[in-house]
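Let me begin by presenting the structure, written as structure tokens, before commenting on it.
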Amino acid sequence: MEDKLGKLKAELVELSKLGSAMAVLGWDQEVNLPAKAHRFRGEVNALLSSQLHQRFTAPEFVALVEELAKADGLDGDGKVIARETWRDVSRARKLPPEFVANMARLTTAGFQAWAEARQKSDFKIFLPALQKIIDMKRREAELIGYSDSPYDALLDEFEPGMTTKRLDELVTPLAKQLSELIKQAKGKKVPVLPSLDYPIDKQIAMNEEIAKAIGYDLAAGRIDASPHPFTTSFHPTDVRVTTRYDKEDFWVSTGSVIHEVGHALYEQGLPANAFGNPLGEAVSLGIHESQSRGWENFVGRSRPFADYLNTLLVKHFGETPYTAEQLHAWLNRVQPSLIRVEADEVTYNLHIVLRYEVEAGLMKGEIKPADLPSVWSQKMKDYLGLDVPDDARGVLQDVHWSHGSVGYFPTYALGNLYAAQFFNAAKKALPNLEAGFAKGEFKDYLAWLRQNIHSKGRRYSPEELVQKVTGEPLNSKYLVNHLRAKLS
Ligand code: MG
């Protein structure tokens, strides 16, 4: 059995190297690609993803994984590797190779159409591609199979074990409580920060300094610019982040860098000696998001961090026309807004509830892609009381659907729930945790995350991990308490 496990691990390393090569192309596509290169890149992506898929679902490989997954006598690590690989293979086998190649071609074209549509703020440019993508995702749900809702088949890809039913338990009461909090905050004065110019070269320097201070290894990563900030990993020694810049608001780039570096620290902290197999992989997107949210919201928006941040602002931009206290109040202001990635912590989750309802509706066929701009406007009005002025600031703001990622958005809200629960556990374990933030000391928090979360790979399911690390099942109590404290 050990021989066979060795064979499996060796094959997984090769597959992951091919996956890394594809991820480099994906990074290049979003950071560097010339306008005319999309069609050809789409062909390259389609070829590589169908070849990778064929190799991952080859009969001999599937038989090897199945034998190991059903065998007795593997040790703990071997059991995790076989169990999780079988989970992945079982899912992948349900999708025919032509389906995978078509999806890759479609989403490359879709991304191009989305980018143009967003730039021109015209949903009609994206609609034909989106229609095809949604049709494909509905077919995908049928191919994968589900017991309750077609949406469950898609959710499970990003958050193993998550279902519409469990999500409704967690998110629906959260939405109610948040709407209440927002109503209470209405009419309160929203803090503003006196204006200052933030030249981009100086933002870059400050962001690098913060990224290093919180533990990002820049010799094993880099920070670039892209329209939609993201993190991508090719190996724990090459984990890259992107951000975007606004000369009048440094937090657009700095907040994104802290967020994306939170993702990157998880990837850099996965065991490199398990590269390729599930013990060297992140457990879910929700847990991934808990890492970025932990750093962005529970560290980056804390009162002690504002002292550190204000010192850095003075260092990089000269005397600031505000105090750390004002900076902290501004970073934590609550104000309904149109753009999800710029939303405050309280209203953010309502942006997710909106997308969750829209996606579930699309998958059940209750919402048609052509109706999205009007559905979007109605829900923005209902949840946040806002009028959507144009498509770019409405339905076109997010890249996800153009990538074929449906069922992804809920992992953001789950990430917030996990992050609050994890941070509470970290504070219990490390009573002086937050005091260090004021001095730019983050080592203890990172060490705690490394030990409790990063080093575990996919050993436990997301819900098991939460139970193990915090001593209770996932719940919304800690997030609601955290947000309530913000508003008082
Ligand atoms: Mg994120």
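See the values below:
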read-out: Region 314-469 shape via C-alpha gyration tensor axes, a/c threshold 1.5; value: oblate
read-out: Integer Hz, Karplus 6.51/-1.76/1.60 couplings in order for region 182-187, x for Gly and Pro; value: 5, 4, 4, 7, 4, x
read-out: Using a Förster distance of 25 Å, the FRET efficiency for residue 116-residue 51 (Cβ separation, nearest 0.05); value: 0.30
read-out: Expected 222 nm ellipticity per residue - DSSP helices of 4 or more, -39500 (n - 2.57), all of the chain, to 500; value: -21000 deg cm²/dmol
read-out: Within region 56-214: Cβ-based charge dipole about Cα centre, in debye rounded to nearest 20 (Lys, Arg +1; Asp, Glu -1); value: 940 debye
read-out: Segment residue 13-residue 165, extension gain: residue separation times 0.36 nm, minus the distance between their alpha carbons; value: 51.1 nm
read-out: Out-of-range pairs (alpha-carbon distance over 30 Å; input 17/124; 120/368; 79/428); value: 17/124; 79/428
read-out: Sequence-separation-based contact order of region 293-439, relative, with Cα cut under 8 Å and 6+ spacing, percent; value: 31 percent
read-out: Where region 95-207 is the region considered: accessible area per residue in Å², 1.4 Å probe; value: 51 Å²
read-out: Rounded to the nearest 20 debye, dipole of region 184-232 from Cβ charges on Lys, Arg, Asp, Glu; value: 480 debye
read-out: Net dipole in debye of region 151-226 [+1 Lys, Arg Cβ; -1 Asp, Glu Cβ; about Cα centre; nearest 20]; value: 660 debye
read-out: Added length on full extension, which subtracts the Cα-Cα distance from 0.36 nm per residue, residue 226 to residue 247; value: 6.0 nm
read-out: The chain - percent relative contact order, Cα under 8 Å, separation 6 or more; value: 20 percent
read-out: Cα gyration tensor category, rounded, prolate or oblate, for region 51-179 with a/c compared to 1.5; value: oblate
read-out: Cα→Cβ-extended label distance, 7 Å offset, between residue 39 and residue 195, nm; value: 4.4 nm
read-out: Global geometry of region 267-374, whether rounded, prolate or oblate, following the gyration tensor of its Cα atoms and the 1.5 cut on a/c; value: oblate
read-out: Fraction of beta bridges assigned by DSSP in the chain that are antiparallel (%, nearest 5); value: 45 percent
read-out: Cut-off under 5 Å, modelled amide H: who pairs with residue 221 long-range; value: 239
read-out: Residue 374/residue 1 FRET efficiency (R0 41 Å; Cβ-Cβ; nearest 0.05); value: 0.10
read-out: Extreme residue, positive dipole direction of region 270-336, given options 313, 329, 298 (C-beta unit charges); value: 329
read-out: Local electrostatic count at residue 297 - Lys and Arg +1, Asp and Glu -1, tallied over other residues with Cβ under 15 Å; value: +1
read-out: Protection proxy ranking, peptides 57-63, 347-353, average beta carbon neighbours within 10 Å, highest first; value: 347-353, 57-63
read-out: ³J(HN,Hα), Karplus 6.51/-1.76/1.60, whole Hz, each residue of region 127-137, x for Gly, Pro; value: 3, x, 5, 5, 4, 5, 5, 5, 4, 5, 5
read-out: Dipole of the chain, positive end: most advanced residue of 37, 386, 457 [Cβ charges, Cα centre]; value: 386
read-out: Burial order of peptide ranges 335-345, 107-117 (average beta-carbon count within 10 Å, highest first); value: 107-117, 335-345
read-out: Carbon plus sulfur fraction of accessible area for the chain, probe 1.4 Å, in percent; value: 52 percent
read-out: J(HN,Hα) series, region 37-52, from Karplus relation 6.51 cos²θ - 1.76 cosθ + 1.60, nearest Hz, glycine and proline x; value: 8, 4, 4, 5, 4, x, 5, 5, 4, 5, 4, 5, 5, 6, 5, 5
read-out: Sites residue 135 and residue 319 - FRET efficiency at Förster radius 51 Å, r taken between beta-carbons, to 0.05; value: 0.35
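The values are calculated or read from the model by the stated rules, or taken from the named source; none is laboratory data. For clarity, every value in this text was computed on a predicted model and none was experimentally measured. Note that each Cβ is placed from the backbone with ideal geometry, even for glycine, and that neighbours are counted across all protein chains shown. Accessible surface areas use protein heavy atoms only, side chains included; no ligands, DNA or RNA. Shrake-Rupley method; radii C 1.70, N 1.55, O 1.52, S 1.80 Å.
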